[in-house]
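Let me begin by presenting the structure, written as structure tokens, before commenting on it.
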Amino acid sequence: MAGFNTAVTGIKASSTMLDVAGNNIANSSTVGFKSSRTEFGDIYATAVVGAGSSNLPGSGVTVSGISQDFSAGTAEFTNNNLDLAINGSGFFQLDDGQGGTTYTRAGAFELDKEGFIVSKNGKNLQGFGLDTQGNQLPLRNLAVDQKESPPHATESIGLAFNIDSKLDSSKLASVYDKNNANSFSYTTTVETFDSLGNAQTIKYNFAEQRPVREQYSFDVAGTDVRISGVDIVDISAITGVEKDLLEAADPRIDTNSIVFSAAVAGPPAVSAKVSFELKSESSATGDVRVRDNTGAVADANPDLLVANLVEGEPLTRTANEVQSFLIDGDPTKFSAVTGKLLADVDVVIGGVTIPLDVQMDVDDVGATIAAAQARVIEQNPNIQAVQYNKNTNTVYVTWQAEAGDVDPIPTVDTAALLLNGPTDITDPVSQEGDNSFMSVYRMYAYLNDSQQLDVGKRVDPGEAGFAARTTEVGALVIKFDTTTGVLKEINGEELIAGAAIPNITIKGADPSNPNDTKLESDTDNLVGLQLDISGSTQFSSASIVKKASQDGYTKGDLIGVAFEETGEMVASFSNGQRQNLGLVAIASFENQSGLQSAGDTEWVASLSSGQAILNPPGTGLNGTIRSASLEQSNVDLSAELVKLIEAQRNFQANSKTLETLNTVTQSILQI
């Protein structure tokens with residue numbers, strides 16, 4: 001009877017279903033395991049002749065296949081950065097080192113003794129190499145092959161600061177001294193690293209220009225003089241063309257202040273004196289070089305400065321505009337007997353009327369005018385003071401330094417020529433005002449608070465190397481816009497609104513590499529350290545550092561490895577650096593159901609699955625990577641228990657069929 005075979009096929013199929021369900025249940029906690037299901041097909045025995053008859057009872061059941069469910073399991077987070085889970089489709093590719101390639105979703109990886117990333121059974125995880133620019137290299141065994149990060153010398157610094165515009169530069173010490181905090185407006189320090197990884201510091205001092213003008217005076221033997229490299233044929237009759245040449249060669253000099261005077265007394269070789277002033281914005285920015293072309297000066301070396309310096313510093317005068325008035329004691333105005341005014345007089349200064357009566361002498365007049373200072377200032381806010389000097393019988397009206405060069409204040413008196421002024425222009429207190437010092441700073445830089453650095457200051461005009469734009473150790477001048485408070489000029493270069501602010505080159509900041517050359521391959525061949533001060537301001541608020549950064553670091557040791565979502569294997573070092581060591585490869589297949597199980601939660605490619613297609617995570621249909629996570633089994637225990645019940649029921653039913661057929665057979669045999 002065919003029924004016996006039919007029942008046996010049913011028992012076998014049920015047993016297979018029990019085996020598959022049992023295997024699923026057994027691997028419910030296996031990382032990366034994919035559950036399977038049993039697929040059945042019916043059996044019909046047919047003959048060539050009479051095929052297709054509808055009266056065939058069937059020959060039982062067969063297991064047509066056992067297919068796997070590749071749906072993702074839940075992710076479980078761990079404390080191991082080398083535990084990887086694929087969030088989406090794809091497989092890790094493993095290489096056993098003997099030509100065998102397998103694929104897995106179980107991402108429980110670890111490092112072997114040589115630093116390679118391997119699975120629990122010692123197979124190497126495959127990935128793409130990366131060059132220094134991040135470009136993808138051919139497939140290889142992923143490994144942590146960088147155990148330390150070499151030091152990197154600082155090449156660029158970003159420093160943005162604000163200097164309080166309310167600071168009064170007139171209160172700064174007249175002589176700059178890096179050890180005297182009263183001689184500069186603001187200071188800050190940035191840590192850097194040399195080429196060996198040693199920590200260094202660069203200290204920046206910012207000294208606002210004081211409201212003064214430097215005064216230089218030179219004794220010469222004739223009229224043929226060279227100033228800042230420009231030859232003046234006859235300084236006593238300097239031409240407009242020569243002034244223009246001097247202005248272009250040394251913009252620091254106020255060419256309108258040049259004064260030539262014959263010497264009254266002095267050494268036989270001295271016949272004249274040349275004097276001039278520097279603009280207030282150029283105060284203390286360097287030396288002025290003057291040469292007596294006759295060679296008859298005390299020191300004829302053209303590279304040396306010859307001036308009336310006081311303890312190494314030029315003479316200075318305030319940059320204020322000062323207008324002076326001499327009170328005329330002429331007998332036509334004052335009594336020759338009593339010294340009193342002969343008549344009442346009204347003096348008007350800056351729109352303020354000051355009445356003077358016949359009871360006043362010269363000093364009374366001066367004191368009365370000075371006593372009106374508050375009213376004069378109220379009407380003329382740019383005026384700083386109205387003072388009287390009784391030794392010279394002179395009234396001085398002094399403007400605020402910030403006012404610059406202003407027109408003389410309107411002055412009227414009812415007695416003609418009671419006040420005479422201004423006095424001769426050679427009088428230092430009666431010269432023009434100069435507010436070019438406003439918002440101008442000298443920047444100094446020091447290595448480890450001791451060695452002054454070259455920050456790009458050009459050698460002084462007239463000195464060898466000036467034309468070639470040679471730099472030297474000294475202060476660099478930076479300017480802010482007096483209206484907006486933003487950077488306006490750096491090292492004599494006017495900044496264009498909206499354009500990139502040029503870097504400042506600092507030389508000598510790397511003691512281990514005194515030539516300041518880059519050790520790494522570069523195309524720009526930059527020399528020195530590049531300082532970017534864009535974003536710096538001079539606002540009316542506290543002086544602070546708004547941003548400070550630098551790209552150098554010391555030597556670092558490996559402290560950990562992690563993986564980005566996009567598959568980059570990133571090593572972290574104790575110096576804060578991170579380096580991409582490789583890129584995990586994700587394999588995909590045209591037909592992943594065609595993969596063949598190889599044990600250890602691994603599969604191998606087959607003709608049915610097609611060859612693996614390798615791409616980085618997150619590209620195409622590939623999933624992304626989750627570090628410190630493991631994909632759990634996708635087995636549904638509830639469903640598997642139901643399958644056990646179904647398989648048991650089927651087994652029992654087929655057994656009952658077999659038992660019934662056996663009873664029928666026994667009955668037949670007893671007939």
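The values are calculated or read from the model by the stated rules, or taken from the named source; none is laboratory data. What you see is a predicted model; the values in this text were computed from it and never measured. Every residue, glycine as well, gets a Cβ built from its backbone with ideal geometry; the counts of neighbours run over all protein chains shown.
Do we have Thr414 as at pLDDT 90 or above, of a type in the set (S, T, N, Q) and in the same structural domain as Leu342 (by TED's automatic domain parsing) here?
Considered against the rule, which asks whether it is at pLDDT 90 or above, of a type in the set (S, T, N, Q) and in the same structural domain as Leu342 (by TED's automatic domain parsing), Thr414 comes out as no.
Condition (residue is closer than 25 Å to Ser280 by Cβ, out of contact with any Cys (no Cβ under 8 Å at 6 or more places or on another chain), surrounded by 14 or more Cβ atoms within 10 Å (Cβ to Cβ) and charged (D, E, K, R)) applied to the stretch 503-510: is it met by at least one residue?
No, the stretch 503-510 has no match at all.
With the structure loaded, tell me whether Gly498 is on the phi > 0 side of the Ramachandran plot, out of contact with any strand residue (DSSP E or B) (no Cβ under 9 Å at 6 or more places or on another chain) and at pLDDT below 90 or whether it fails that test.
Yes; evaluated as a whole, the condition is true for this residue.
Considering only the stretch 314-358, how many residues are part of a loop (DSSP other than H, G, I, E, B) and under 28 Å from Met438 (Cα atoms)?
Adding up the residues that qualify gives 5.
Scan the stretch 120-144 for residues that are under 16 Å from Val561 (Cα atoms) and not in a strand (DSSP E or B) and report the count.
2
Can you go through Lys656, Lys643 and tell me which one is crowded, with 18+ Cβ neighbours inside 10 Å, farther than 30 Å from Leu139 by Cα and of a type in the set (D, E, K, R)?
None of the other options fit; the residue is Lys643.
To keep it simple, each residue is scored yes or no on (1) under 40 Å from the mean Cα position of the chain (by Cα); (2) at pLDDT 70 or above; (3) surrounded by 15 or more Cβ atoms within 10 Å (Cβ to Cβ); (4) of a type outside the set (Asp, Glu).
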{"site": "Phe218", "(1), (2), (3), (4)": "no, yes, yes, yes"}
{"site": "Arg252", "(1), (2), (3), (4)": "yes, yes, yes, yes"}
{"site": "Ile258", "(1), (2), (3), (4)": "no, yes, yes, yes"}
{"site": "Val270", "(1), (2), (3), (4)": "no, no, yes, yes"}
{"site": "Val288", "(1), (2), (3), (4)": "yes, yes, yes, yes"}
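For residues in the stretch 96-108 being out of contact with any Ser or Thr (no Cβ under 6 Å at 6 or more places or on another chain) and surrounded by 19 or more Cβ atoms within 10 Å (Cβ to Cβ), which is farthest from Ser606 (Cα to Cα)?
Gly107
What are the pairs, 6+ residues apart or on separate chains, where a residue within the stretch 131-148 that is touching a residue at least 24 places away in the same chain (Cβ under 8 Å) and within 20 Å of Phe116 (Cβ to Cβ) has its Cβ under 7 Å from a residue that is loosely packed, with under 13 Cβ neighbours inside 10 Å and not hydrophobic (A, V, I, L, M, F, W, C)?
Glu148/Asp557
Any idea how many residues of the stretch 169-197 are buried (at least 16 other Cβ atoms within 10 Å of the Cβ), part of a loop (DSSP other than H, G, I, E, B) and more than 19 Å from the chain's Cα centre (by Cα)?
7
So, in the stretch 434-470, exactly how many residues are of a type in the set (A, V, I, L, M) and in a strand (DSSP E or B)?
Result for the stretch 434-470: 4.
Look at Ala371 and say whether it is at pLDDT 95 or above and of a type in the set (Gly, Ala, Ser).
In short, yes.
Pick from the stretch 211-238 the residues that are among the hydrophobic types (A, V, I, L, M, F, W, C) and part of a loop (DSSP other than H, G, I, E, B): which of them is nearest to Ser185 (Cα to Cα)?
Taking the candidates together, the pick is Ile238.
Those residues that are touching a residue at least 12 places away in the same chain (Cβ under 8 Å) and not aromatic (Phe, Trp, Tyr), I need them from the stretch 646-661; list them, please.
Scanning the stretch 646-661 gives Glu646, Ala647, Gln648, Asn650, Ala653, Asn654, Ser655, Thr657, Leu658, Leu661.
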